[in-house]
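The values are calculated or read from the model by the stated rules, or taken from the named source; none is laboratory data. Since the structure is predicted, the reported quantities are computational estimates derived from the model, not experimental observations. Cβ placement follows ideal geometry from the backbone for every residue including glycine, while neighbour counts extend to all protein chains displayed. Only protein heavy atoms, including side chains, enter the accessible area calculation; ligands, DNA and RNA are left aside. Shrake-Rupley method; radii C 1.70, N 1.55, O 1.52, S 1.80 Å.
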Amino acid sequence: MSYTVPEPKIFACTQSEELAEKIANQYGTELGKVTFSTYSDGEFQPSFEESVRGARVFIIGSTFPNSDHLMQMLLMLDAAKRASARHITAVLPYFGWARQDRKDKPRVPIGAKLIAKMLEVAGATRIITMDLHADQIQGFFEKPVDHLFASTVFLPYLRKLNLDKLTVASPDMGGSKRAYAYSKFLESDVVICYKQRKKANVISHMELIGDVTGKNVVLVDDMVDTAGTLTKAAEVMMEKGALSVRAICTHPILSGQAYERIENSKLEELIVTDSIPLRQESSKIKVVSCAHLFADVMHRVHNNTSISSKFLM
């Protein structure tokens, strides 16, 4: 008796419904039906309203704080596993807790490792994510990880700007590898910002390594949280003679006074993806969708074809 592989089913966690709708449209299908029941104390329970038996299931949800977003993903993975799904892929455009990728002082957790194990135990048989805070987080998983790069969507946008005297910059030493990768494709110079922190999210001192005089600078980073680093870097570069400063950040966490800082900053614009939905509009923030990237990779994963062409850096 012949057996046909059923088409995949795509489901969304509530925090990523808008992006999931775009991904499903790009894929050429509709989002699967899932409902959430909520108890009066805040506990919630997802329920798939259609059969997933024997199917490949993609569950889309960024796990940015609060922890309810992570819990939604875990419960949906568990539900799919118990409903006899054949393959269960956790699609995490933004992988939360990724900054806790090592013990940087005594008696602290390695949160990224813990989250990886939780996703696997819950039922994920594959992970698709984008621009992890540290590449080595892939090694925390025992399941296959497709680590995508937002450069796939950012580089075409940058080329359309057609900036003269372009220079790529990293806002810190840790992001120098990413900055050099962008500079290779854009055939530009690179500068690095060296910063010292008093504590998390608070910069005490910043120096610039390299020359930005008469240059159009593009800062490249994986995420923007309070925007303190980016706005300080833009200020320093303009003081050093830069013509303009833009920033590219994959994940717009934008907590605290981030929106106010960006509006009052020397930044020409901040270019982000829709991996995390914006909390409010801003005249300086430009959103470039990553939906087509995820849809294409999901299609290739389902059909067991190579995704290496999606890795621009």
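I'm checking my understanding of the structure. Among residues of the stretch 44-65 that are touching a residue at least 40 places away in the same chain (Cβ under 8 Å), open to solvent by 10 Å² or more (accessible area, probe 1.4 Å) and in a loop (DSSP other than H, G, I, E, B), which one is farthest from residue 119 (Cα to Cα)?
Only one residue tops the list, namely 50.
Take the stretch 190-232 and flag every residue that is polar (S, T, N, Q), at pLDDT below 90 and open to solvent by 50 Å² or more (accessible area, probe 1.4 Å).
Matches in the stretch 190-232: 196, 201, 204.
Between a first residue in the stretch 282-298 that is over 20 Å from residue 160 (Cβ atoms) and part of a loop (DSSP other than H, G, I, E, B) and a second residue that is of a type outside the set (D, E, K, R) and open to solvent by less than 20 Å² (accessible area, probe 1.4 Å), which pairs have beta carbons less than 7 Å apart while being 6 or more apart in sequence or on different chains?
Listed by first residue and then by second, the contacts come to 282/259; 282/262.
Report the residue count in the stretch 244-259 for those that are open to solvent by less than 30 Å² (accessible area, probe 1.4 Å) and assigned to a loop (DSSP other than H, G, I, E, B).
Looking only at that region, the number is 1.
Residue 262 - would you say it is modelled with pLDDT of 95 or more, crowded, with 18+ Cβ neighbours inside 10 Å, in contact with a His (Cβ under 7 Å, 6 or more places away or on another chain) and more than 22 Å from residue 190 (Cβ to Cβ)?
It is false that residue 262 is modelled with pLDDT of 95 or more, crowded, with 18+ Cβ neighbours inside 10 Å, in contact with a His (Cβ under 7 Å, 6 or more places away or on another chain) and more than 22 Å from residue 190 (Cβ to Cβ).
I need the full set of residues from the stretch 265-278 which are open to solvent by 10 Å² or more (accessible area, probe 1.4 Å) and in a strand (DSSP E or B), in order please.
Hit for the stretch 265-278 is 269, nothing else.
Regarding residue 41, is this residue more than 18 Å from residue 124 (Cα to Cα), in a loop (DSSP other than H, G, I, E, B), open to solvent by 80 Å² or more (accessible area, probe 1.4 Å) and of a type outside the set (A, V, I, L, M)?
So residue 41 fits the description; yes.
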